[in-house]
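S.K.: First, the structure itself, so that you have it in front of you.
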Amino acid sequence: LLGVRDELTGLAIAVRELDCRSRMWQPVLTRHVTQPNRVADESFAALLEAFVPFGRIESSKGKEAVVRVRAGGLIAGEESPAALPDGAVLVPIIRRNDRLGEPLANGIQQAKWTFLTVTGRKGNQLQCQVASGMTSPLGGRSSARTLRLALLAKPRLEATDLAVVTEGDKPLPLGGYEVYSKPPDSEDAELLGVTDWRGRIRVGMKSNPLQILYVRNGGRLLARLPVVAGLEPLLTAAVTDDDPRLLAES
């Protein structure tokens, strides 16, 4: 969707993409121009920036997955907006349909704490590495009524707030919990800090968009969370309340 509106200081071009398969809205991108003859070029550039390529997860086993890019045969070179280079991070989406092909109620869900990283390609198929904090991240077996999609992760924000709360129906914030970050292909973890009184900590963007966050308390590992900072404003992680253990030890 593209709209152009007249403002006091010039023209504003706003673009937003709706992916019909996953029913996901992307953030609004806005560009400002002062010269009317630049509207066409800036509008087309905004469309390219807002476009999010996606593919279908053909198979997955363990930490490996194969993704077929939509209209991959039309990608003539790396400059194509649909091209997914090595190192690109994908967001898995699970869609469950009824017998008429329409999604069930709450049948479209993003796979929790799961991302795919492109490591290679064979023709139109991408070889991907799966990073997940869940046991069965991609929904188990495929069927005629279950679509497993993957959208390119395009962070639009500078950072993401991580909220660490207790498990259960009435979650409570957990302050003072340590959060570490490391790249997926490294063993060196960096201490980002500790959660504040709201149980929150800000996670900034890195050179590698995918980070593995470790939540610890008193030296005990409570959660391992793959995160793309800047993709969402707030993420909430429900972990075991570890404070009673430390109190008992003391």
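S.K.: Would you mind calculating the gained length between Leu157 and Leu172 on full extension (0.36 nm times residue separation, minus the Cα-Cα distance), in nm to one decimal? List each step's numbers first, then the result.
M.R.: On the way: separation 15, 0.36 × 15 = 5.40 nm, distance 2.64 nm.
Extra length from Leu157 to Leu172 when fully extended: 2.8 nm.
S.K.: If the convex hull of the alpha-carbon atoms of region 54-139 is projected onto planes in all directions, what is the mean projected area in square nanometres?
M.R.: Projected area, direction-averaged: 6.4 nm².
S.K.: Excluding ligands and nucleic acids, what accessible area in Å² is computed for Cys20 using a 1.4 Å probe, to the nearest 10?
M.R.: In the full protein context, Cys20 sits at about 100 Å².
S.K.: A further question on this structure: Hey, what's the chain come to in accessible area per residue, 1.4 Å probe, Å²?
M.R.: On a per-residue basis, the chain sits at 58 Å².
S.K.: Counting only trypsin sites (Lys or Arg not before Pro) that are in a DSSP loop and have at most 10 other C-beta atoms within 10 Å, tell me the longest site-free stretch of the chain.
M.R.: By the stated rule (loop sites, at most 10 other Cβ atoms within 10 Å), 142-250.
S.K.: Could you grab the relative contact order for the chain? Cα pairs under 8 Å, six or more apart, rounded to a whole percent. Working shown, then result.
M.R.: Values: 536 pairs, mean separation 36.2, N = 250.
14 percent.
S.K.: Now for a different question. Hey, could you grab the Kirkwood Rh for the chain? Inverse mean 1/r over distinct alpha carbon pairs, Å, one decimal.
M.R.: 20.3 Å
S.K.: Multiplying the sequence separation of Leu104 and Cys20 by 0.36 nm and subtracting their Cα-Cα distance, what value in nm do you get? Intermediate results must be reported in sequence, preceding the final value.
M.R.: Working: separation 84, 0.36 × 84 = 30.24 nm, distance 1.45 nm.
Roughly 28.8 nm would be gained on extension.
S.K.: Leaving ligands, DNA and RNA out of it, report the carbon-plus-sulfur percent of the accessible area of the chain at a 1.4 Å probe.
M.R.: That share works out to 51 percent.
S.K.: So, one more: Computed FRET efficiency, Cβ-Cβ of Arg245 and Lys63, R0 22 Å: what is it to the nearest 0.05?
M.R.: The pair Arg245/Lys63 has a calculated efficiency of 0.10.
S.K.: Between Arg202 and Ala238, 0.36 nm times their residue separation minus their Cα-Cα distance comes to what?
M.R.: Length gained, Arg202 through Ala238: 11.3 nm.
The values are calculated or read from the model by the stated rules, or taken from the named source; none is laboratory data. Because the structure is predicted, anything quoted here is derived from the model rather than measured. Counting neighbours? That spans all protein chains shown, and the Cβs are built from the backbone with ideal geometry, glycine included. Areas reflect the complete protein model, heavy atoms only, side chains present, ligands, DNA and RNA absent. Shrake-Rupley method; radii C 1.70, N 1.55, O 1.52, S 1.80 Å.
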